[in-house]
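The values are calculated or read from the model by the stated rules, or taken from the named source; none is laboratory data. Because the structure is a prediction, the values reported are computed rather than measured. Cβ: placed from backbone, ideal geometry, glycine included. Neighbour counts: every protein chain shown.
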Amino acid sequence: MVIELEIQSGRPSGPKYDGVTGYPYMLRGGHKFEIALGQRLALGGFKGPMDLAIGRDELYVVNRFSENSSNVARNRFVRVTIEDEGYEDDDIYAPGPGGGFESNGNETLPSWVMCDIDDEGILYVTDEHANKVARFRTSGEYLGVWGESGEGAGELNGASGVAVDGEGSVWVTSSRNHRVERFTKSGDYLGGFGVYGEAPGELNYPWGLGIDPVNGTIMVADWRNDRVQRFSPEGEVLQVIGESGSGPGQMNRPSGVAVDKYGDIYVADRSNHRGLMFNPRGGFLESFIGDATLNERGMRKLMTNLDMLRMRENVVDLDTEKRFLNPTSVKVDDEDRVYWVDSGRYRVQVYSKVCKVLGPDEIDPPSMFKDPALS
């Protein structure tokens, strides 16, 4: 299901795209798999990756698990580059009240979920049980937390999605309150929207958040309603995309959403074990099911463990290894890369977008098409 409404841009930046301001005309050529980042936790590495923030030179991946009896913090940012380097013994985690490491199971912030980074390089991460937002510098310096538990305006209950907009506001999903809240970077409450329900504009356990970089509208992964909704910063519903199911463009517990600089929408369709892509009007375009190959780091790890190498020789089906398992989040960067946090496989799968921006004289107007939603 797609409910199409005129999206009024708060910051118009170009010609109209079939009634939606700011988006360019596009020739889309699909996506090609680029690399799989990460490996199962050994010394460093991933376990339970949930989300990532894209910095200038590094990626910061939120992990919320570690091995039993490990001296690795459960909840931590793992630094990694697009070349899959840099995450050995270089994690960022919240220190305990005394400033030291907290043992597994006794953390002050026990359940990290989603993250984002602002234009000053400050990382924000939500904790769904503590109902806090923690802040860090990318150097690892801990800057403290803010947030209060509760059901009222400005209070959090099941803090999950977090996104920093172009004006410096921090948007947080209060999942069990069925609301989206807006704060300053220091945690002062600015407003919010959302009520429980199934009708357009209503929410049922919303999860991930994304900000449209073209017009500043708020994209919400409406988890229990199996859809994505677009809102103005004031809370007016502008667009509803998706319906329950496993068919093309349908969703089963979507947990993350992102919008690229062309206006295309990406959704982590978690319980369908796939990613989805839609155009700005909500027309379904493409599915991602996972194409990961064993990377160089993984090969080096296998070469140092003869038992693992022998087990690998007995593998008769590599198809499952390639595929997504419960992807939780999706992010896009300015270089047309799409990052899928493949949580159940302890990795991030990265794709490159193939596309060309077209001038108005290179394509017929959408009114000429039989179905403008597919333009």
Are any of the residues in the stretch 266-276 over 27 Å from E85 (Cα atoms) and without any contact (Cβ under 8 Å) to a residue 40 or more places away in the chain?
yes
Looking at the structure I just gave you, is G235 closer than 16 Å to P206 by Cα and either modelled with pLDDT under 95 or assigned to a loop (DSSP other than H, G, I, E, B) (or both)?
yes
If you take the residues in the stretch 68-92 that are out of contact with any strand residue (DSSP E or B) (no Cβ under 6 Å at 6 or more places or on another chain) and modelled with pLDDT under 70, which one is farthest from W340 (Cα to Cα)?
S69
Of the candidates S232, S175, the one satisfying the condition of being over 23 Å from H273 (Cα atoms) and in contact (Cβ under 8 Å) with a residue 40 or more places away in the chain is S232
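I'd like to check something: does the stretch 192-204 contain any residue that is buried (at least 24 other Cβ atoms within 10 Å of the Cβ) and touching a residue at least 12 places away in the same chain (Cβ under 8 Å)?
The answer is yes, given that some residue of the stretch 192-204 is buried (at least 24 other Cβ atoms within 10 Å of the Cβ) and touching a residue at least 12 places away in the same chain (Cβ under 8 Å).
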Can you say whether A292 is touching a Pro at 6+ places or on another chain (Cβ under 9 Å) and of a type in the set (G, A, S), as far as the supplied structure shows?
no
Test set (1) exposed (fewer than 15 other Cβ atoms within 10 Å of the Cβ); (2) under 19 Å from G140 (Cα atoms); (3) in contact with a strand residue (DSSP E or B) (Cβ under 8 Å, 6 or more places away or on another chain); (4) modelled with pLDDT of 90 or more - P95 fails condition number:
(4)
Considering only the stretch 109-125, state which residues are outside any loop (DSSP other than H, G, I, E, B), within 16 Å of Y142 (Cβ to Cβ) and of a type outside the set (F, W, Y).
C115, I117, I122, L123, V125
Could you check, for the stretch 177-186, whether at least one of its residues is surrounded by fewer than 20 Cβ atoms within 10 Å (Cβ to Cβ), among the hydrophobic types (A, V, I, L, M, F, W, C) and more than 28 Å from N326 (Cα to Cα)?
no
Going through (1) surrounded by fewer than 23 Cβ atoms within 10 Å (Cβ to Cβ); (2) on the phi > 0 side of the Ramachandran plot; (3) at pLDDT below 90 one by one, G38 fails only at (1)
Can you say whether V164 is at pLDDT 95 or above and surrounded by 23 or more Cβ atoms within 10 Å (Cβ to Cβ), as far as the supplied structure shows?
no
Search the stretch 48-57 for residues being touching a residue at least 60 places away in the same chain (Cβ under 8 Å) and surrounded by fewer than 21 Cβ atoms within 10 Å (Cβ to Cβ), and hand back the single one that is nearest to L209 (Cα to Cα).
I54
Among the numbered conditions (1) among the hydroxyl-bearing types (S, T, Y); (2) out of contact with any strand residue (DSSP E or B) (no Cβ under 8 Å at 6 or more places or on another chain); (3) closer than 22 Å to D336 by Cα, tell me where S271 comes up short.
(3)
Could you tell me whether the stretch 267-276 includes any residue that is under 23 Å from E128 (Cα atoms), aliphatic (A, V, I, L, M) and buried (at least 22 other Cβ atoms within 10 Å of the Cβ)?
yes
Search the stretch 203-224 for residues being modelled with pLDDT of 95 or more and over 18 Å from the mean Cα position of the chain (by Cα), and hand back the single one that is nearest to G192 (Cα to Cα).
L203
